[in-house]
Amino acid sequence: MQPSNSPLTITPVPCLQDNYAYLIEHTSGDAWVVDPSEAAPVLAILAQRRLRLRGIIATHHHHDHVGGIAGLVAASDDPQLWVAAHAHDSGRIPCLTRPIAAPLGAFTPTKGASQDGRGVELAGVELWAMWIPGHTDGAIAWMIPGPDGGDVFTGDTLFAAGCGRLFEGTPAQMYSSLRALAALAPATRLWFGHEYTAGNLRFAAVIEPDNSLEITRAAAELPAITTPTTVARERALNPFVRAASLEEFAARRAAKDTFRG
Ligand code: ZN
Ligand code: FE
């Protein structure tokens, strides 16, 4: 699933009921984790693959994305182990050491978005970040840039065929955040926070009957683990990305909140 020239490999780590943490590993044996809901499954895969944890990356402050951070930090003997999140979430991300003030609208290199200029690097590969409020005020998307668009961690903002609930943000913020993600290169891989895809497709078929052929086809071919999706796939299937206006987006988001399918 990775471009063959990338030194970094991404593996989904199922956590809790339906969460995904993501292990990023480098051929050197260094590793990083995105959104560790729990420490135990992450520690298990680190031990099994004999990897050294170098950094922890959070997409937002909700417990099912950061609940494992303190345990991972406590289990590490590396004083350099860093924890990165949006600067806006300072005070609500455990052990945060790399607050990144990523801007709205476009991905930016993390070095330019951090006060001390350190940014966030994975074995020399600089992460890029974009602020994507809507689900929460401090939601952030992280990108490992690549020639085909790269890999982006979307947390609970964009799911395959869905989007997160509006806990702290407005429909306008969420709609802009989704549109910024959907404007990325078509082959960009999107790694999301929850395995909600089957239910999201059931909602998509109801809210966008005109697109039901495409949706039915996708639903028939779902593997057990549906992450990552791609920008092209979300443009074709995701009713929130496909909403033609803010009003349509807001109506769809409200309908999803009460959908029982
Ligand atoms: Zn969340
Ligand atoms: Fe979540």
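Coordinate-derived values only; no laboratory data. Here the structure is a predicted model, which means the values were calculated and not measured. For neighbour counting, all protein chains shown are included, and Cβ atoms are generated from backbone atoms with ideal geometry for every residue, glycine included.
What is the gain in length, in nm to one decimal, between ARG165 and ALA255 on full extension, counting 0.36 nm per residue of separation less the C-alpha to C-alpha distance? Intermediate results must be reported in sequence, preceding the final value.
On the way: separation 90, 0.36 × 90 = 32.40 nm, distance 1.13 nm.
Roughly 31.3 nm would be gained on extension.
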Among PRO36, THR188, THR170, pick out the residue whose Cα is farthest towards the positive end of the charge dipole of the chain, where Lys and Arg carry +1 and Asp and Glu carry -1 on C-beta, about the Cα centre. THR188
Say the dipole of the chain comes from +1 at the beta carbon of Lys and Arg and -1 at that of Asp and Glu; which of GLY124, VAL83, ASN200 then lies farthest toward its positive end? ASN200
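Add -39500 (n - 2.57) for each DSSP H run of 4 or more in the chain, then divide by its residues: what number comes out at 222 nm, to the nearest 500 deg cm²/dmol?
Details: 8 runs with 71 residues, N = 261.
It lands at -7500 deg cm²/dmol.
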State to the nearest 20 debye the size of the charge dipole of segment 99-177 about its Cα centre, where the only charges are +1 on K and R beta carbons and -1 on D and E beta carbons. 100
Tell me whether segment 1-103 comes out rounded, prolate or oblate; compute the Cα gyration tensor, take square roots of the eigenvalues as a ≥ b ≥ c, and use a/c under 1.5 as the rounded threshold. rounded
The extension gain from ARG217 to ALA74, computed as 0.36 nm times the residue separation minus the Cα-Cα distance, is 46.9 nm
Rounded to the nearest 0.05, what FRET efficiency is calculated for ASP116 and GLN48 with R0 set to 41 Å and r the Cβ-Cβ distance? 0.75
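Using alpha-carbon pairs under 8 Å, 6+ residues apart, how would you state the relative contact order of segment 113-261 in percent?
Numbers: 251 pairs, mean separation 33.2, N = 149.
Reported relative contact order: 22 percent.
Relative to the Cα centre, what is the charge dipole magnitude of segment 8-257, using +1 at the beta carbon of each Lys and Arg, -1 at the beta carbon of each Asp and Glu, and rounding to the nearest 20 debye? Intermediate results must be reported in sequence, preceding the final value.
Working: 19 positive and 26 negative charges, 34 e Å.
Using Cβ point charges on Lys, Arg, Asp and Glu, segment 8-257 gives about 160 debye.
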What is the magnitude of the charge dipole of segment 70-140 about its Cα centre, with +1 placed on the Cβ of each Lys and Arg, -1 on the Cβ of each Asp and Glu, and no other charges, expressed in debye to the nearest 20? 140
If each part is reduced to its alpha-carbon centroid, segment 85-137 and segment 147-224 end up apart, in Å, by 22
Over the chain, what is the percentage of antiparallel beta bridges among all DSSP beta bridges, to the nearest 5? 65
Quote the relative contact order of the chain in percent (integer), defining contacts as alpha-carbon pairs under 8 Å separated by 6+ residues. 13
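Nearest 0.05, what FRET efficiency do ARG235 and THR11 give at R0 = 25 Å with Cβ-Cβ as r? Walk me through the intermediate numbers first.
Working: r = 26 Å, r/R0 = 1.04.
Efficiency for this residue pair is about 0.45.
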For segment 8-257, rounded, prolate or oblate, judged on the Cα gyration tensor with a ≥ b ≥ c (square roots of eigenvalues), a/c < 1.5 rounded, else prolate if a/b > b/c? prolate
